[in-house]
Amino acid sequence: MKIIVTGCGKIGTTLLASLTAEGHDVTALDNDAELISTLTDSYDIMGVCGNAVDCDTLEEAGVRGSDLFVAVTGSDELNMLSCFLAKRLGALHTVARIRNPEYSGKSLSFMRQQLDITLPVNPEKLAAQELFNTLKFPSNMKVETFSRRNFLMIELKLKEDSPLCGIPLSSLRNKFRANFLICAVQRGDTIHIPRGDFELHGGDKIALTANPGELHKLLKSMGLLKKQARDIMILGGSKTAFYLAQMLLSTGSSVTIIDKDKAICHELSNTLPGVMVIHGDGAHEQLLVDEGLRSQDAFVALTGNDEQNILLSFYAASEQVEKVLAKVNRVELATIAEQMGLSNIFSLRQMVSNVIVKYVRALENSSGSNNIETLYKLMDGRIEALEFKVDERSDVTEIPLKELPIKKDILLTGILRNRKPIIPNGDDMIVPGDRVIVLAAGHRLQSLTDILR
Amino acid sequence: MNRKMVFYTTGQILLLNALLLMLPLVVSFLYADGCWLPFLLTALISAALGGVLQLTCKPVSNDYYAKEGFVITALAWLTLSLVGALPFFLSRQIPSYVDAFFETVSGFTTTGASILTDVEAMSKSLLFWRSFTHWVGGMGILVLLVAVLPTVSGRTIHVLRAEMPGPTMGKLRPRLSDTAKILYLIYVVMTVIEIILLLFGGMPLFDSIVHSFGSAGTGGFGIKADSIAGYSNYCQWVITVFMFLFGVNFNLYFMLLIGRFRPALKSDELRAYVGIALTAMLLISVNIYPMYHNLADTLRLSAFQVSSIMTTTGYSTVNFDAWPDFSRTILIILMFIGASAGSTGGGLKVSRVVLLLRTVRREFQHMLHPRSIGSVKFEGKPVENATLVSVSTYFGLYMAIFALMLLLVSLEPDFDFTSNFSAVAACFNNIGPGLGLVGPALSYTNYSDFSKLVLSFGMLLGRLELYPILFLLNPSTWTKK
């Protein structure tokens, strides 16, 4: 597909990298010439330097006949305007980053309709949703939902004394009397798609699928599920913090937000009446303790500074706060922090990039029979979990799974039939109408039949 | 440095070269000129060498940067010239390997400087190979490689940047391999059109193909002792026009193809290119009119020679060494200006000359008004200071290397200053024939082996725009990890 990305900041660059890796024809548009030349040196893309709301520049970037125009500059208005122009000049679809909370609800849907924007993306809201999921589930765990919440996939790091360790996977289901599947294991630097005889060790990072009820049962018998987080402290009054607080308030949690900018504090207390807003510098540990850090169930570091987020998260963890979440945008820092033991790290740009790549894949497959519904990257993006909708018969349907010649490093982790989730074994088969969740390491799947050798 | 990547890519180039050698092999069978064995042997050697490099140097990582780009380009061209010289040497039609190397470098770099004294005595397949090297070298062997192979890394652009002439390189399409394919497509189509037009003019098929290769790559190897002079006026005009067209930036053709006529025709470089050519043609016409007393002949001769020298082709329809000094000097100046960036021609490139002159204008203004802020514009956009600095540096380095080579060549006992100066200028700028003892009617054969090697390196330096060869020869490129 021909894709134009304008605004090559953090999100734009991550997006460029993912889209070129997917094999699309990508053109980058930005008004910073130096940035453009660095990008064209590193990725196989065309660079155009100029203003994204200048028709000549848009024409030069080849907007006529392009399949998708993505505007992710720092300004909502610029994004909307350039998407509008691009659409009028001939782009088929447009994606705009719109993040100002004031452009939400009715005004957003009105503008979206009038300006013909195919997909508005709000990175902060996406992040807030993700953080919310994590807060409501056990610690040391990342949670992703498939098939409209019928399947959950969690990623967790095993402790040395975990009851899962030292038993072949094939006997695990019986031991816990729960229906679940361990679909990927990261040990050291290598990724395994495990078979029945695989044994887990302490320190392994595993990905596990189950339906919500079974997952609950399993986590309980593993002794991981404790009370839900109710008292939550958020550091940094960013837009993500605003959305997150809004969601938490609606479930009855008590939220404290700390920010050092007085104006931001005033605004937050105006828009979120139920929240305790503290004006102060969160970098001073004493302030955190004074405001009751030790009695909190969760601590979320959302300042604009990666290093500060990491350090204060370590501090909060040392003060026995049960759940610690940090926003870290730089990939290198995230890796280091993860190695040192911080398990819940979020990167805004990776999330946005995932959403748009998923959208691009959906666009690409919209004419095909097998649609990709959800895409989720796990284990640092080395494994992809995809959800396909099976519309009609093909080479993979109505054959027991154990007889299907499936490629190495690919696993069918779940089937959803008539709204009922099935964790498949060798005798199950795929029938038309199913939704199928597939896990792939090192393969790029475009349709369900790609899983066959 | 990612050495394995460098040698691996060189291996790929050698395999590609083995494939390219099949063409002259076929020609050899068609004309039954008995030269098939040297071509077959060379192809086998090339394939074997390439295969060994491919097997032993499988790269661990695909990463490479500007440095690898430069070194790959330089090494590929050097290896290609060394191997490409074998058919001449093995067939014993050029008995000295240094001579054969000179001839092949001259071919690939699209120079067209020859050591042959009797070109008409050569076998057809060898003549074909000589001109075919022009065609391949004109657009670039690595561009060809990128066009036929899937891109392994987003950084492949560094190789193309090192091979494509001009101060900056613009992509035509987001994907590099698509860009390379489009460039070769335009190139092939234009070459075929020229061949057809020449056939209409009654030129034999073999001659049409060979001369089209020579003008497409702006090379200039002829197959007749008097170059193009023996062909009809129509053929001479066709070649004049096509040489000129191949000296235009290929990006402009792409813009025309996708219907962006306005910016293509308004291009600063195109206007300067046409302007310089017309002015030179007019001045020479006035200057040589007394020699011919015929307006049509005068225009044809001067247009052909200006087009041939400015695009750095080097065909001739007349012994221009016999022209007055004024005309000869204009031709020498045109040698240095050269063709457009992004074309198949050599020289400094019109865009660099324009940028240099505009920088000079800004500097003058700055001297008179030290607080003034002036910007240099090119193709409607302000040019960044870094680009201007690199153009000025390039010009300085160009002149310094020219002076050094002139000094080395002046060691020759039997040559005068005019001959040496024009020989170095003609090789460095990839033209071919010079003045005096290396004039269009004579050849480089009387130079010593040492001078021939100096001039060969001059041709490579000129074609690859200095830096790749300099980095290849710099020991620290190889000693540092």
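The values are calculated or read from the model by the stated rules, or taken from the named source; none is laboratory data. Every value quoted in this text rests on a predicted model; they were computed, and no experiment measured them. Counting neighbours? That spans all protein chains shown, and the Cβs are built from the backbone with ideal geometry, glycine included.
The condition of being crowded, with 23+ Cβ neighbours inside 10 Å and either touching a residue at least 40 places away in the same chain (Cβ under 8 Å) or farther than 19 Å from B:Trp237 by Cβ (or both) holds for only one of B:Phe304, B:Phe326, B:Phe364, that being B:Phe304. Only a single item in (1) surrounded by fewer than 18 Cβ atoms within 10 Å (Cβ to Cβ); (2) away from chain B (no Cβ under 11 Å) is not met by A:Gly12, and it is number (1). Applying the criterion of at least 3 residues that are touching a residue at least 60 places away in the same chain (Cβ under 8 Å) and either under 20 Å from the mean Cα position of the chain (by Cα) or buried (at least 19 other Cβ atoms within 10 Å of the Cβ) (or both) to the strands (runs of 3 or more DSSP E) found wholly in the stretch A:260-355 leaves A:298-301, A:323-327. Are any of the residues in the stretch B:180-201 over 17 Å from the mean Cα position of the chain (by Cα), surrounded by 23 or more Cβ atoms within 10 Å (Cβ to Cβ) and either away from chain A (no Cβ under 14 Å) or assigned to a loop (DSSP other than H, G, I, E, B) (or both)? Among the residues of the stretch B:180-201, at least one is over 17 Å from the mean Cα position of the chain (by Cα), surrounded by 23 or more Cβ atoms within 10 Å (Cβ to Cβ) and either away from chain A (no Cβ under 14 Å) or assigned to a loop (DSSP other than H, G, I, E, B) (or both), which makes the answer yes. Condition test on B:Val354, is it touching a Phe, Trp or Tyr at 6+ places or on another chain (Cβ under 9 Å), assigned to a helix (DSSP H, G or I), among the hydrophobic types (A, V, I, L, M, F, W, C) and closer than 22 Å to B:Ala162 by Cα? Here the answer is yes, as B:Val354 does meet what is asked.
Go through the residues of the stretch A:70-82 one by one and say whether even a single one is within 14 Å of chain B (Cβ to nearest Cβ) and surrounded by 21 or more Cβ atoms within 10 Å (Cβ to Cβ). Before you say what the answer is, go through the steps one by one.
Looking only at the stretch A:70-82, we keep the residues that are within 14 Å of chain B (Cβ to nearest Cβ), and these are A:70.
Filter once more, so that each one left must be surrounded by 21 or more Cβ atoms within 10 Å (Cβ to Cβ): A:70.
Taking every residue of the stretch A:70-82 in turn, at least one turns out to be within 14 Å of chain B (Cβ to nearest Cβ) and surrounded by 21 or more Cβ atoms within 10 Å (Cβ to Cβ).
Being in a loop (DSSP other than H, G, I, E, B) and surrounded by 19 or more Cβ atoms within 10 Å (Cβ to Cβ) is the requirement here; does A:Ala241 meet it?
For A:Ala241, the condition - in a loop (DSSP other than H, G, I, E, B) and surrounded by 19 or more Cβ atoms within 10 Å (Cβ to Cβ) - is not met.
State whether the residues of the stretch B:117-126 include one that is out of contact with any Asp or Glu (no Cβ under 7 Å at 6 or more places or on another chain), within 14 Å of chain A (Cβ to nearest Cβ) and modelled with pLDDT under 90.
no
Being within 18 Å of A:Val352 (Cα to Cα) and among the charged types (D, E, K, R) is the filter here, so list the residues in the stretch A:316-331 that pass it. Of everything in the stretch A:316-331, those that are within 18 Å of A:Val352 (Cα to Cα) and among the charged types (D, E, K, R) turn out to be A:Lys327, A:Arg330.
Give me the residue from the stretch B:48-74 that is of a type in the set (A, V, I, L, M, F, W, C) and within 14 Å of chain A (Cβ to nearest Cβ) and, out of that set, nearest to B:Leu460 (Cα to Cα).
First pass over the stretch B:48-74, keeping only residues of a type in the set (A, V, I, L, M, F, W, C): B:48-49, B:52-53, B:55, B:57, B:60, B:66, B:70-72, B:74.
Checking the rest, the ones that are also within 14 Å of chain A (Cβ to nearest Cβ) come to B:66, B:70.
Values: B:Ala66: 19, B:Phe70: 13 Å.
So the residue we want is B:Phe70.
Please specify each residue of the stretch B:169-196 satisfying the condition of being acidic (Asp, Glu) and in contact (Cβ under 8 Å) with a residue 24 or more places away in the chain.
Of everything in the stretch B:169-196, just one residue is acidic (Asp, Glu) and in contact (Cβ under 8 Å) with a residue 24 or more places away in the chain, namely B:Glu194.
Filter the stretch B:237-272 for residues that are without any contact (Cβ under 8 Å) to a residue 24 or more places away in the chain and not aliphatic (A, V, I, L, M); which is nearest to B:Ser316 (Cα to Cα)? Top of the filtered list is B:Arg271. For the stretch A:32-43, check the following and say yes or no: at least one residue is facing chain B (nearest Cβ under 8 Å), crowded, with 16+ Cβ neighbours inside 10 Å and at pLDDT 90 or above. No: zero hits.
Total residues in the stretch A:226-260 satisfying the condition of being of a type in the set (D, E, K, R) and modelled with pLDDT of 90 or more: the figure is 1. On the phi < 0 side of the Ramachandran plot, assigned to a loop (DSSP other than H, G, I, E, B) and over 22 Å from the mean Cα position of the chain (by Cα): is that true of B:Tyr231 in this structure? Criteria met by B:Tyr231. For the stretch B:247-270, which positions are buried (at least 19 other Cβ atoms within 10 Å of the Cβ) and not in a helix (DSSP H, G or I)? If the condition is that a residue be buried (at least 19 other Cβ atoms within 10 Å of the Cβ) and not in a helix (DSSP H, G or I), then B:Gly247, B:Val248, B:Asn249, B:Ser267 are the ones that fit. Regarding the stretch B:377-387, can at least one residue be identified that is more than 26 Å from the chain's Cα centre (by Cα), surrounded by 14 or more Cβ atoms within 10 Å (Cβ to Cβ), modelled with pLDDT under 90 and of a type outside the set (Phe, Trp, Tyr)? Checked the stretch B:377-387: at least one residue is more than 26 Å from the chain's Cα centre (by Cα), surrounded by 14 or more Cβ atoms within 10 Å (Cβ to Cβ), modelled with pLDDT under 90 and of a type outside the set (Phe, Trp, Tyr).
Can you say whether A:Lys87 is of a type in the set (D, E, K, R), away from chain B (no Cβ under 14 Å) and closer than 26 Å to B:Arg260 by Cα, as far as the supplied structure shows?
Details: of a type in the set (D, E, K, R): yes; away from chain B (no Cβ under 14 Å): yes; closer than 26 Å to B:Arg260 by Cα: yes.
Yes; evaluated as a whole, the condition is true for this residue.
For the stretch A:397-405, indicate whether the set of residues that are modelled with pLDDT under 80 and not assigned by TED's automatic domain parsing to the domain that holds A:His192 is non-empty. Within the stretch A:397-405 (the criterion being modelled with pLDDT under 80 and not assigned by TED's automatic domain parsing to the domain that holds A:His192), the answer is no, since none of the residues qualifies.
Give the stretch B:285-319 a look and list any residue that's of a type outside the set (D, E, K, R), in a helix (DSSP H, G or I) and closer than 21 Å to B:Gly220 by Cα, or say none.
Of the stretch B:285-319, the ones of a type outside the set (D, E, K, R) are B:285-296, B:298-299, B:301-319.
Going one step further and asking which of them are in a helix (DSSP H, G or I), we end up with B:285-292, B:295-296, B:298-299, B:301-310.
Selection gives B:Leu299, B:Leu301, B:Ser302, B:Ala303, B:Phe304, B:Gln305, B:Val306, B:Ser307, B:Ser308, B:Ile309, B:Met310.
Can you report the number of residues in the stretch A:90-107 which are over 21 Å from A:Glu267 (Cα atoms) and surrounded by fewer than 18 Cβ atoms within 10 Å (Cβ to Cβ)? Show your work before the answer.
Of all residues in the stretch A:90-107, those over 21 Å from A:Glu267 (Cα atoms) come to A:90-97, A:106.
With the extra rule that they be surrounded by fewer than 18 Cβ atoms within 10 Å (Cβ to Cβ), the set shrinks to A:90, A:92, A:106.
Adding up the residues that qualify gives 3.
Taking the criterion of being outside any helix (DSSP H, G or I), closer than 24 Å to B:Gly112 by Cα and touching a Leu at 6+ places or on another chain (Cβ under 7 Å), the only residue of the stretch B:370-415 that qualifies is B:Phe415.
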